[in-house]
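Novice: Questions regarding the structure given below will be posed in turn.
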Amino acid sequence: MSVGTGGSAIAKVELHEFTYLAPGFARDAHGALCPHPTATQKVGAFCLVIETADGHRGEYIPMHSGKNPAIVSQVAALAPRLVGMDAFAREGIWNALRWSQRHLGAVGLCAIDVCLWDLAGKAVGQPIARLLGGFRDRLPTYASTTHADRNGVLSSKEAFGEFAQHCKALGYRGFKIHGWGEGDPEAESANLIHVRQAVGDGMALMIDPACTLRTFADALRVGRACDEANYYWLEDPFADMGTAPAAHRRLKELIRTPLLLTEHVRTLEAKVPWITEGATDFLRTDPEYDGGITGAMKTAHLAEAFGLDVEIHGAGPAQRHVMAAVRNSNFYELSLVAPGRRNPIPEVFACGYRDELDSVGPDGCFPVPARPGLGVTYDWDRIRRDTVQVRRWPGQGPLDNARG
């Protein structure tokens, strides 16, 4: 499939790979970031830049998917194909590049699509949310914890209860637990019941075991504890990796707490059976994993067609613009937070944009950036200072050292 050049042919693509430090974090047995009293983690990230021959420019730094080297490789594999394409033919580009990575879930397409939306918004002087139609400019938010630790930070149910109370006092409307990842249904159940007792009935509570409960029986045990404590949803409970609709349909029949699935289900079409088989109550989508903003909006409309809600995964400017244009969504996820630490996402903004715990408004909401495109300005001095390499298409060679 070819995409015509139109009036704004893509002339240059750059992929800047850089690192940043996350003080106060270590990694658990699964490799997930979790709090630590003294450790500091070095984390990888990247920035994609697309420029057209007539002077339009888009930029995007993924907030969480950029940490995965496999995703960077997928973006790099697709980037050369963009040169000469019409930057405003997003649907054509989306379909062409999706096909070429059909064996890989087309995750590399995501950053490219968001970058093209940023370019389009800047070109016409409008924020992406308005280009998408616009539904709201304040996003009700829940605080979503990092994975628990055994290092003395989020290492007990009492610590989770105190942190949930703190988040409630700040104004958050909801609180989501990411547990220890040890697959212990008794510890997870005791934790979620204690947190409910700590915050009372006036706060939505969620739990995401992140597919670490070993068996269906373990998931059922935690689900029944969710019923007891009146949880808002149970997300990705057990070790099917969140991809088995038949098992979750059965779980749904045995508990009252709504299920939220499909964070790990790639492609739009693969999410359909979760609806038609009655295997989930909420759909999940993420512009960093589900085909960019174009793909996330397709998922939102799929859910809307069946009368279901779609919850946007993760924090970041792309997530805010998607949710701002979606009626059938309830919460912005302020991820990932822990007591006394800044969010371990790239600290790369030079415009005041923040996804930090103390950024929530008195109404329990986060704002939608109102400036053109993604509505953010990146700190290029900081990015260049920490850059490991830059790849350019057309290039002066396979790799260019950005420090030069």
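The values are calculated or read from the model by the stated rules, or taken from the named source; none is laboratory data. The structure presented is a predicted model; accordingly, all values stated were derived computationally and were not measured. Cβ sites come from the backbone with ideal geometry, for glycine too, and all protein chains shown count toward neighbours. Only protein heavy atoms, including side chains, enter the accessible area calculation; ligands, DNA and RNA are left aside. Shrake-Rupley method; radii C 1.70, N 1.55, O 1.52, S 1.80 Å.
Novice: First compute the accessible area of the range 1-62 with a 1.4 Å probe, then give the percent of it belonging to carbon and sulfur atoms.
Specialist: Answer for the range 1-62 is 52 percent, counting heavy atoms of protein chains only.
Novice: Can you find, among Trp117, Val153, Phe216, the residue farthest towards the positive end of the dipole of the range 89-240? Put +1 on the C-beta of Lys and Arg, -1 on that of Asp and Glu.
Specialist: Trp117
Novice: Connecting C-alpha atoms closer than 10 Å in a GNM of the chain, tell me which of Pro69, Pro317, Pro237 has the biggest fluctuation.
Specialist: Per the Cα network of the chain with a 10 Å cutoff, Pro69 tops the list.
Novice: What dipole magnitude, in Debye to the nearest 20, does the chain give about its Cα centre under +1 on Lys/Arg Cβ and -1 on Asp/Glu Cβ?
Specialist: In total the dipole reaches around 660 debye.
Novice: Quick one: Karplus J couplings for the range 224-236, per residue in order, coefficients 6.51, -1.76, 1.60, θ = phi - 60°, nearest Hz, x for Gly and Pro?
Specialist: 3J(HN,Hα) across the range 224-236, in whole Hz: 6, 5, 4, 4, 4, 9, 6, 7, 6, 7, 10, 10, 6.
Novice: Once amide H atoms are built 1.01 Å from N in the peptide plane, which residues 5 or more positions from Phe46, or in another chain, come under 5 Å H to H?
Specialist: Amide H to amide H, under 5 Å and 5 or more residues apart or across chains, Phe46 pairs with Phe18.
Novice: So which chymotrypsin sites (Phe, Trp or Tyr not before Pro) in the range 298-362 pass both tests, a DSSP loop state and at most 14 other Cβ atoms within 10 Å of the Cβ?
Specialist: Answer in residue order: Phe306.
Novice: Next up: When averaged across all projection directions, what area in nm² does the alpha-carbon convex hull of the range 262-367 cover?
Specialist: Mean projected area for the range 262-367: 7.5 nm², to one decimal.
Novice: Here is a further query. What does the accessible area per residue of the range 106-262 come to in Å², with a 1.4 Å probe and no ligands, DNA or RNA counted?
Specialist: I get 35 Å² per residue for the range 106-262.
Novice: Could you tell me which of Leu259, Leu334, Gly295 has its Cα farthest along the dipole of the chain towards the positive end, charges placed at Cβ (Lys, Arg +1; Asp, Glu -1), taken about the Cα centre?
Specialist: Of the candidates, Gly295 comes out farthest on the positive side.
Novice: Still on this structure, please answer the following. Which residues' amide hydrogens lie under 5 Å from the amide hydrogen of Leu104, considering only partners 5 or more residues apart or on another chain, with H built in the peptide plane?
Specialist: Here the answer is none, since no amide H 5 or more places off falls under 5 Å of that of Leu104.
Novice: May I ask what percent, to the nearest 5, of DSSP beta bridges between residues of the chain are antiparallel?
Specialist: The answer is about 55 percent antiparallel.
Novice: Let me ask you something else. Find the relative contact order for the range 158-260 and round it to a whole percent, using C-alpha pairs within less than 8 Å whose residues are 6+ positions apart.
Specialist: Numbers: 168 pairs, mean separation 27.8, N = 103.
Once divided by the residue count of the range 158-260, the mean separation gives 27 percent.
Novice: So what is Rg over Rh here for the chain, counting just Cα atoms and using Kirkwood for Rh?
Specialist: For the chain, the value is 0.96.
Novice: Hey, another quick one. In terms of modelled amide H atoms, which long-range or inter-chain residues lie less than 5 Å from the amide H of Ala315?
Specialist: HN-HN under 5 Å from Ala315: Ser335.
Novice: While we're here: With all protein chains present, how much of the accessible area of the range 114-208 (probe radius 1.4 Å) comes from carbon and sulfur, to the nearest whole percent?
Specialist: The computed percentage sits at 46.
Novice: How large is ³J(HN,Hα), in whole Hz, for each residue of the range 337-353 in order, when computed from phi with the Karplus curve 6.51 cos²θ - 1.76 cosθ + 1.60 and θ = phi - 60°, using x for Gly and Pro?
Specialist: Values per residue, Gly and Pro as x: 10, 8, x, x, 9, 7, 4, x, 10, x, 8, 10, 9, 10, 10, x, 5 Hz.
Novice: If the reach is capped at under 23 angstrom between alpha carbons, list the lysines near Lys12, excluding any in the same chain fewer than eight residues apart.
Specialist: Output for Lys12: Lys122.
Novice: I've got another one for you. Taking Cα centroids, how far is the range 93-107 from the range 253-310 in Å?
Specialist: Cα centres, the range 93-107 to the range 253-310: 19 Å.
Novice: Just how many % of Cα pairs in the range 1-157 lie over 28 Å apart, if you round to the nearest whole percent?
Specialist: Across the range 1-157, Cα pairs with separations above 28 Å total 36 percent.
Novice: Follow-up question, since we're still on this one. Go through the range 235-289 and name the trypsin sites (Lys or Arg not before Pro) that are in a DSSP coil and have 13 or fewer other Cβ atoms within 10 Å of their Cβ.
Specialist: Arg256
Novice: Under the Karplus relation 6.51 cos²θ - 1.76 cosθ + 1.60, θ = phi - 60°, what is the ordered set of whole-Hz ³J(HN,Hα) values for the range 241-255, x standing for Gly and Pro?
Specialist: 6, x, 10, 10, x, 4, 5, 6, 4, 5, 4, 4, 6, 9, 10
Novice: Same structure, new question: Provide the per residue accessible area, probe 1.4 Å, for the range 281-400, rounded to a whole number of square angstrom.
Specialist: 35 Å²
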